[in-house]
Amino acid sequence: MAMFEQMRANVGKLLKGIDRYNPENLATLERYVETQAKENAYDLEANLAVLKLYQFNPAFFQTTVTAQILLKALTNLPHTDFTLCKCMIDQAHQEERPIRQILYLGDLLETCHFQAFWQALDENMDLLEGITGFEDSVRKFICHVVGITYQHIDRWLLAEMLGDLTDNQLRVWMSKYGWSADESGQVFICSQEESIKPKNIVEKIDFDSKWPGAADTGETWCPQSSAGCAKHQAERSFLGWELSARFHCLIQVTSPGESVRDAG
């Protein structure tokens, strides 16, 4: 980690100003990516700078370095780093091995097909050569998903989702997240109802607004439809009462055999 911190300070200076896109700095940035992989460290800004330089200088593209950047981005799920990096790689390079396999692994993780992910990873373990802490970083992401999804989960299913862990390994992860298991084999995650947070929605209505194009007439415009506006409802209610009262009086002053129309 000491090497990473030392390089991080130097790389930080390179990424400022116009030197950020100087292809002569690629060698330093590529060594920095390798250091991140070995020391289980991470610097997204520097990694994106490498991919941008590859876009500007296609002849300098390095498949191995790009693969390391993608794998490190996967360790930072559920953040969108993996998608950002993927979008900076052209389609032709995405079809190359091992980039194609890493993109497939990323798709499995993002769609929460965890058992299929571990099976695919077992078939491509050579991808992790030189990548420290990758599997545990992925397990942290899976635990995050489990924590926001489940209230209870079968112990065997949790072990499979975390990569077919042994009982002792599973206990370590359960202890880390405060999960407990009962005698029936159910693991209590949390009560999701306790995580619900109410949200207040406040709507402000300006009754002093004008109808579009009616500024000269002084006519006001309500932002809501007339059917839902309390002000308009009150006006219509009063108007209806007034018309009803007048009609009632008109009927009272006419004789029983005289129609309203004749009285008018």
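Taken together, the values in this text are just the output of simple stated rules run on the coordinates, not laboratory data. Every value quoted in this text rests on a predicted model; they were computed, and no experiment measured them. No Cβ is skipped: glycine too gets one built from the backbone with ideal geometry, and neighbour counts run over all protein chains shown.
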Any idea how far the Cα center of region 160-193 sits from the one of region 40-63, in Å? 38
Expressed as a rounded percentage, what relative contact order does region 31-137 have, with Cα pairs under 8 Å and six or more residues apart? 33
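For every other residue with a beta carbon closer than 11 angstrom to the beta carbon of Arg155, add +1 if it is Lys or Arg and -1 if Asp or Glu, then tell me the sum.
Numbers: positive: Arg171; negative: Asp154, Glu160, Asp167, Asp182, Glu183.
Around Arg155, the surrounding residues sum to -4.
To the nearest 0.05, what FRET efficiency results for Thr80 and Ser180 with a Förster distance of 30 Å applied to their C-beta separation?
Numbers: r = 33 Å, r/R0 = 1.09.
Efficiency, from the Cβ-Cβ distance: 0.40.
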Run through region 53-151 and list the GluC sites (Glu not before Pro) located in a DSSP loop whose Cβ has at most 14 other Cβ atoms within 10 Å. Glu95, Glu96, Glu123, Glu129
Using 0.36 nm per residue, how much length does the chain from Lys13 to Gln94 gain when fully extended, once their Cα-Cα distance is taken away? 26.1 nm
Translational D in µm²/s for region 56-131 (Stokes-Einstein at 25 °C, 0.890 mPa s, Kirkwood Rh from C-alpha pairs): 192
Near Thr132, within a Cβ-to-Cβ distance under 14 Å, what is the net charge of the other residues, with Lys and Arg +1 and Asp and Glu -1? -3
For the Lys38, Trp156 Cβ pair and Förster radius 30 Å, calculated FRET efficiency rounded to 0.05 is 0.30
